[in-house]
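Since every read-out is calculated from the coordinates, none of them should be taken as a lab result. Just so it is clear, the structure is predicted and the values come from calculations on it, not from any experiment. Glycine gets a Cβ as well: all are built from the backbone with ideal geometry, and neighbour counts include every protein chain shown.
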Amino acid sequence: MKSVPTKKTHVLGAALFAAALALPSYQTAFAEATPEHGNVAFKYLNYKDSQPGNDRIGVNAITGSLMMPFAGTWTVSSSYTYDSVSGASPTHHDVVSSASIKETRNAGDLSFTKYLPNGSWAFGLSYSKESDYVSNGYSVQRSLSTEDKNTTVTFGGSYTTDTVGHNNYATNPPVNVEVGKKEIISGLFGVTKILSKVDIIQLNIGFSKGDGYFTDPYKSYDIRPKQRNITTLMARWNHHFENTDGTSHLSYRYYTDSYEVAAHTLTAEYLHPLPNHLTIIPSLRFSSQSAAYFYHPYSAADYPPADAVSGTMPYSMDQRLSGFGALTLGMKAEKKLASSWTADLKLEYYKQLPGWCINGSGDSQLKEFNFTSIQLGVSHEL
């Protein structure tokens with residue numbers, strides 16, 4: 001059986017480096033005041049994933065960002081990301097392509113924020129391009145604060161259009177063919193409340209409605225519905241410990257969509273200051289998702305699958321749509337180098353197993369999936 005080249009550049013870019021705008025924004029609105037100073041930052045990311053016996057995707061990414069206040073009550077923010085991807089991901093189940101590919105992505109965003117006495121307005125644009133995927137996004141967000149500034153209500157929306165292509169790596173150079181388009185309308189409503197001088201909570205509800213081409217053109221016999229509707233619920237609680245001067249960040253996220261995927265994510269991190277302007281931030285995240293209703297485990301007796309060949313119903317053997325659980329361990333260190341310079345280093349290790357699924361059954365045939373990432377950053381207050 002011959003496998004075809006496959007990749008997931010845009011998936012990795014979205015998950016690992018939020019250089020393009022997160023539309024709409026889930027930022028925590030602790031204060032609504034025009035920043036007094038600007039900031040410039042640079043980050044480098046190295047990512048590598050694998051399964052037993054298989055080296056898969058490797059990513060190197062560089063991001064630069066800039067935020068500047070202007071005209072008294074405005075800020076402008078912009079970022080640019082360049083990443084390169086090499087390797088191959090599974091064509092189906094965890095069968096990895098024998099062909100190796102190299103791909104690059106360029107992404108940028110631009111946003112303007114207007115600060116008002118009782119909140120703010122934010123407007124954003126984002127753009128991402130690789131040889132077989134182009135995405136454009138537009139967003140608007142409004143926040144309103146109470147007179148005592150203890151409660152902030154945020155609501156916003158976004159519109160995203162994507163053009164999906166397919167690179168034929170059998171030719172030299174590869175030939176790209178457009179295979180489909182999709183558009184996504186998203187909305188957000190959230191409330192942030194200061195409970196005390198040491199506690200802040202936030203509740204968000206988000207939704208999106210997508211129409212168009214959601215199939216992965218690099219997956220074998222992959223046929224997905226032309227609509228995907230998503231709802232998310234997010235709860236956050238930040239608590240400051242006065243005796244240690246540390247701060248805990250706890251969050252829970254529930255996700256459900258029209259693919260009948262349901263996911264739970266619990267995240268905990270702790271910011272602990274040390275002498276000499278050093279802060280360490282250990283983190284732990286556990287997530288579990290159920291399988292899409294059209295996910296099918298691989299069967300040698302039924303390959304190629306008759307239902308998928310006929311195209312009469314949705315069908316996928318993409319392991320990302322299977323049921324699984326995952327654990328992520330992270331450690332970040334931040335160091336203030338001078339009065340206006342800060343450097344940081346972040347390490348993460350991720351492990352995914354079907355047996356860790358707590359809200360459904362995982363595909364026992366799938367191998368464990370792992371990734372490691374290293375992120376280096378430096379920022380300067382202007």
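With label points built 7 Å along Cα→Cβ from the Cα atoms of residue 183 and residue 382, find their separation and express it in nm.
3.5
What ³J(HN,Hα) values, in whole Hz, does the Karplus curve 6.51 cos²θ - 1.76 cosθ + 1.60 give for segment 173-181 when θ = phi - 60°, with x put for Gly and Pro?
Running phi through 6.51 cos²θ - 1.76 cosθ + 1.60 with θ = phi - 60° gives x, x, 9, 9, 10, 6, 10, x, 9 Hz.
Explain nothing, just the number: dipole magnitude of the chain about its Cα centre with +1 on each Lys and Arg Cβ and -1 on each Asp and Glu Cβ, in debye rounded to the nearest 20.
Rounded to the nearest 20 debye, it is 180 debye.
Putting +1 on Lys and Arg Cβ atoms and -1 on Asp and Glu Cβ atoms, find which of 325, 82, 190 reaches farthest to the positive end of the dipole of the chain.
After comparing all options, I get 82.
About its Cα centre, how strong a charge dipole does segment 250-382 have in debye, to the nearest 20, once Lys and Arg get +1 and Asp and Glu get -1 at the Cβ?
For segment 250-382, the charge dipole is close to 500 debye.
Hey, with R₀ at 41 Å, roughly what FRET efficiency would residue 172 and residue 258 work out to, going by the Cβ-Cβ distance, to 0.05?
Approximately 0.55, to the nearest 0.05.
Collect residues whose amide H, placed 1.01 Å from N in the peptide plane, falls under 5 Å from the amide H of residue 219; neighbours closer than 5 in sequence don't count.
Counting only residues 5 or more places away or on other chains, the set is empty.
Connecting C-alpha atoms closer than 10 Å in a GNM of the chain, tell me which of 301, 333, 262 has the biggest fluctuation.
301
As a test of the formula, what do you get for the chain when each DSSP H run with n ≥ 4 contributes -39,500 (n - 2.57) and the sum is divided by the residue count, at 222 nm and rounded to the nearest 500 deg cm²/dmol?
Roughly -1000 deg cm²/dmol at 222 nm, from the helical runs in the chain.
Just tell me the longest site-free run in the chain, where the sites are chymotrypsin sites (Phe, Trp or Tyr not before Pro) in a DSSP loop having at most 14 other beta-carbon atoms within 10 Å.
31-292
5 Å is the cut-off here: which amide hydrogens, built 1.01 Å from N in the peptide plane, fall below it relative to residue 176, excluding neighbours closer than 5 in sequence?
168
With unit charges on the beta carbon (Lys/Arg positive, Asp/Glu negative), name the residue among 113, 45, 293 whose Cα is farthest towards the positive pole of the charge dipole of the chain.
Of 113, 45, 293, it is 45.
Per-residue HN-Hα couplings for segment 312-323, Karplus 6.51 cos²θ - 1.76 cosθ + 1.60 at θ = phi - 60°, whole Hz, x for Gly and Pro?
Couplings: 8, 7, x, 7, 7, 10, 6, 5, 5, 9, 7, x Hz.
Find the Cα radius of gyration of segment 86-194, compare it with 2.2 N^0.38 Å by division, and give the number to two decimals.
After normalising by residue count via 2.2 N^0.38 Å, the value is 1.57.
Using amide H atoms built in the peptide plane, which far-off residues or other-chain residues are under 5 Å from residue 363 H to H?
The answer is 323.
Could you tell me the extents of the chain's C-alpha atoms along the three principal axes, largest first, rounded to whole Å?
Result for the chain: principal-axis Cα extents of 65, 40, 36 Å.
Dipole magnitude of segment 232-318 about its Cα centre, charges +1 at Lys/Arg Cβ and -1 at Asp/Glu Cβ only, in debye to the nearest 20?
200
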